[in-house]
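A short reminder: the numbers here are calculations on the coordinates, not readings from a lab. No experiment lies behind these values; they were computed from the predicted model shown. For neighbour counting, all protein chains shown are included, and Cβ atoms are generated from backbone atoms with ideal geometry for every residue, glycine included.
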Number of protein chains: 2
Amino acid sequence: MSASKNDDGIVTAGLAVIGDEILSGRTKDRNIGYIADYLTAIGIDLSEVRVVPDVEARIVEAVNALRKSYTYVFTTGGIGPTHDDITADSIAKAFGVGIDHDPRAVAILKARYSDDQLNEARMRMARLPDGADLVENPVSGAPGFRIENVFVMAGVPSIMQSMLDNIAPTLKTGKKMHSETVEARVPEGQLAQRLGEIEKAHDGATIGSYPFVDENGYGTRLVVRSRDAALARKVAEEVRLLAQDLKPDMYREL
Amino acid sequence: MSASKNDDGIVTAGLAVIGDEILSGRTKDRNIGYIADYLTAIGIDLSEVRVVPDVEARIVEAVNALRKSYTYVFTTGGIGPTHDDITADSIAKAFGVGIDHDPRAVAILKARYSDDQLNEARMRMARLPDGADLVENPVSGAPGFRIENVFVMAGVPSIMQSMLDNIAPTLKTGKKMHSETVEARVPEGQLAQRLGEIEKAHDGATIGSYPFVDENGYGTRLVVRSRDAALARKVAEEVRLLAQDLKPDMYREL
């Protein structure tokens, strides 16, 4: 494994979202949020996401940067049968290995398509970088793959999700992050200073502050996160007391 | 300007989405798709997106990589009053300049908050890197800013959107990308080979192929894109004829 591993029980991941259609706005990505939730739930920290176009050099650059920095890398998109599906070739290039039709992947496609359906374009979906292992695709057959610490998945959300279910049991996971959310009917600016003080006083916990506006005016959601569940609860209690303590001083203009 | 500019009428952009809450899944990003649509519509190519955590070194690294590669860089998130709002400091560091309270930004906050409301935390929102220009925020007052080719915006979608409206008229825009969409009731794998041939025969046009599944089975949306509107129409017509020409050979398993 070329994966960089942390020794402190923290497992990290990078995600490369591959596709011109996301960058043009034509398709709205639904994979980033899903993968973020999924990894958080199993104790893996998603640490960086890059969205890159269907351009080999750009995919190679992103995957090589991410795989050196994080325990695992996931990619979505670009593994179908068309000319713009260049992820497998790009990953082979990133690892400096060859690429060819994989007999296991060919067997899957042969079981799914008749001989006249299994044209050259569809056979492209069986091309895997040397040394890759298959990731099963129960939805539409054509597999994803794993090479070292990089997992290559489809872009179609339902297929990506089924692949991730197959990948998850093989992953090393870390200490889970615990989070506690406090909703304060107080604008962020009124809480800010004391929040910072509370965070500073508690090593190992962070407090995220997310302002919102709804029909009742301004409010702030405060998310305490820690790998230590007891610490998360303790800090959340302090934040709760702070929020109760403060009367909202509304903005002049609402 | 340190912006790298293209001489071929193409204007590019990178986007840095800043925030732990996106990477943890707690907040689902709605800005990437909005900005992608917006820039495409005004003739700017969004070429890369990076999502990074609220960590100074990571923000500096992403912004410096993006601002050297693209005409413009946009950032979202991390410009509020709390301890986790470190974007302005990180941008100052990326440019190697100082940061201080900006008199124009202070005046905006003073007009919005009473003296006892304008605490130290809120005053943080008036800290701008040296040499930055303000980006107006009609929603909640606290401004974004521009330094060289980097535009720093809020993360709250309604505020980000109003800032982008203020920024857009100041941007150089390129030749617009024209797109034509053809929906084919044919699985992607059956179209793939001839699509690739059509694309190859037409320099200056690309064909994106996006498979989907609905209640009627498999289909493929084909998106022809070109900066030459006539060429986009011509290629789309060829794709339309191809799609009509083919009878669907359905997957064995649906």
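Numerical summary
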item	result
Cα-Cα separations in the range B:178-245 greater than 14 Å, expressed as whole percent	51 percent
Rg and Dmax of the range A:12-170, Cα atoms only, in Å	14.7, 45
Estimated FRET transfer efficiency (B:Glu215, A:Ile10; beta-carbon r; R0 35 Å; 0.05)	0.20
Nearest residue to the symmetry axis between B and A, taken on chain B by its Cβ, in whole Å	B:Arg50, 3
The protein assembly as shown, helix-only ellipticity at 222 nm - DSSP H runs n ≥ 4, -39,500 (n - 2.57), divided by all residues, nearest 500	-11000 deg cm²/dmol
Convex hull volume per residue in cubic angstrom - Cα atoms of the range A:20-91	94 Å³
For the protein assembly as shown, the spread of Cα positions along each principal axis, largest first, Å	77, 52, 42
Karplus-derived 3J(HN,Hα), 6.51/-1.76/1.60, for each residue of the range A:46-59, Hz, glycine and proline x	6, 10, 6, 10, 10, 9, 10, x, 6, 9, 3, 4, 6, 5
Local electrostatic count at A:Arg221 - Lys and Arg +1, Asp and Glu -1, tallied over other residues with Cβ under 15 Å	-3
Copies compared at B:Leu246 - label distances in nm, ascending, label defined 7 Å from Cα in the Cβ direction	5.8
The range A:114-195 - Kirkwood radius from inverse mean 1/r over Cα pairs (Å)	16.6 Å
Relative contact order of the range B:35-152, defined on C-alpha pairs under 8 angstrom at six or more residues apart (%)	24 percent
Exam field: B:Lys28 pseudo-label spacings to other copies (7 Å along Cα-Cβ), nanometres	0.8
Per-residue ³J(HN,Hα) for the range B:148-163, Karplus 6.51 cos²θ - 1.76 cosθ + 1.60, θ = phi - 60°, Hz, x for Gly and Pro	6, 9, 10, 10, 9, 10, 6, x, 5, x, 5, 6, 4, 5, 6, 5
Relative contact order computed over the range A:107-228 (Cα-Cα under 8 Å; 6+ residues apart), in percent	19 percent
Check: the protein assembly as shown dipole with +1 on Lys, Arg Cβ and -1 on Asp, Glu Cβ, in debye	0 debye
Crossing angle, helix B:103-112 versus chain B [Cα axis fit, 0-90 degrees, rounded to tens]	90 degrees
Highest-fluctuation residue, A:Ser47, A:Ser209, A:Ser114 considered, GNM on chain A with Cα pairs under 10 Å	A:Ser114
The range A:142-251: GluC sites (Glu not before Pro) falling in loop per DSSP and having at most 13 other Cβ within 10 Å	A:Glu215
Percent RCO, i.e. relative contact order, over the range A:189-238, from Cα pairs under 8 Å lying at least 6 residues apart	32 percent
Cross-link pairs B:Lys176/B:Lys234; B:Lys176/B:Lys200; A:Lys28/B:Lys28; B:Lys68/B:Lys175; A:Lys93/B:Lys68 - those with Cα-Cα distance over 19 Å	B:Lys176/B:Lys200; B:Lys68/B:Lys175; A:Lys93/B:Lys68
Amide H contacts of B:Asp228 (H built 1.01 Å from N, under 5 Å, at least 5 apart or other chain)	B:His178
